[in-house]
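The values are calculated or read from the model by the stated rules, or taken from the named source; none is laboratory data. Nothing here was measured: the structure is a model prediction, and the numbers come from that model. Areas reflect the complete protein model, heavy atoms only, side chains present, ligands, DNA and RNA absent. Shrake-Rupley method; radii C 1.70, N 1.55, O 1.52, S 1.80 Å.
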Amino acid sequence: MQAFSTKLIEITELHAKTIAKQWYNDVRKNPKTPSYYNITEDRAIPQAIEFYSHFREVFMSDKPFEAARKFFSKYAEDRYRDGVPLHEAIYSLVMMRRHMWLYAEFQAVWTSAVDYQQSSASLNRTILMFDYATYVITERYQELIRHEVDVKVGALGVISGGPAPAYKTAIMTALVFLAVLVTWYYHAALKTDVIFTHLFYIPIALAAIWYRRKGVLVAVLLGAFVLISHMIFLSGAPIIDDLLRAVMFIIIGVIIATLTEGLYKIVAPFQKGEA
């Protein structure tokens, strides 16, 4: 197998650019790789050349998994940066392997029965290498997706697990206290039910995002406080406006909590590394 593998590697390295061009002509029109339709030749071909140039390093390594992790982690990062979905990144790599073997066939590498026997052993080694590649690429994509999710929504704590950090509790307490103070000021001091309710939606929204369904309790408590305050300080005034406000608090809280739950179900597997 060693002699045949060396011959295969030498042909691949010697004709890397030619094989890469054949791969590109295939991948840019293949219905399974639409992301490559808009990737120009000068951006796509170098990735195939890089693979063929490093084929010997991964194929002949005494520690093939470590070699595969080193090379294919970078491959995954580059494809992710190009906006190539995971399934297309893997399939385009499969196509690189296919064109490598097709070109070797075209060059009549197999010239005897012994060559064909050796080619089977070499193929097994190549398949193992691509098994490692699939594992490494999938793992790296998960890490990259997880990082992107953390950056985009991590500031809101949407995907944080366990008890809420102390600063969230402090912020929520301060906002609820401020909302209560505003309600008391308008009802007790100004004797009016015209409340600056925009302030209420800040703790309601944050509670629904941070605590999801449990956060709706903040909307319920604020709504109940508005109604109780109205009955105590504005007993003679119609309660309909404050009743509508209380209902809207709960509706908004439920909507945001439901959307956050849906987002959490999507990103949680990546956060936990389970997808």
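Between A224 and L243, what length comes free when the chain is fully extended (0.36 nm per residue of separation minus the Cα-Cα distance, one decimal in nm)?
Working: separation 19, 0.36 × 19 = 6.84 nm, distance 0.90 nm.
Residue separation times 0.36 nm, minus the Cα-Cα distance, leaves 5.9 nm.
Element breakdown for segment 161-234 at a 1.4 angstrom probe: carbon and sulfur atoms account for 78% of the accessible area.
Remark: segment 54-63, residue by residue, has Karplus-estimated 3J(HN,Hα) of 9, 4, 4, 4, 7, 5, 8, 5, 6, 10 Hz, where x stands for each Gly or Pro and the curve is 6.51 cos²θ - 1.76 cosθ + 1.60 at θ = phi - 60°. Of all aspartates and glutamates in the structure, the ones whose alpha carbon falls short of 20 Å from that of K29, not counting any fewer than 8 places away in one chain, are E41, D42, D82, E88. Residue by residue, segment 133-146 carries 3J(HN,Hα) couplings of 4, 4, 5, 5, 5, 4, 4, 5, 4, 4, 5, 5, 5, 4 Hz when phi is fed to the Karplus relation 6.51 cos²θ - 1.76 cosθ + 1.60 (θ = phi - 60°); x denotes Gly or Pro. For the set K63/K265; K191/K214; K168/K191; K32/K63; K74/K168; K7/K70, the pairs lying more than 29 angstrom apart at their alpha carbons are K63/K265; K191/K214; K168/K191; K32/K63; K74/K168.
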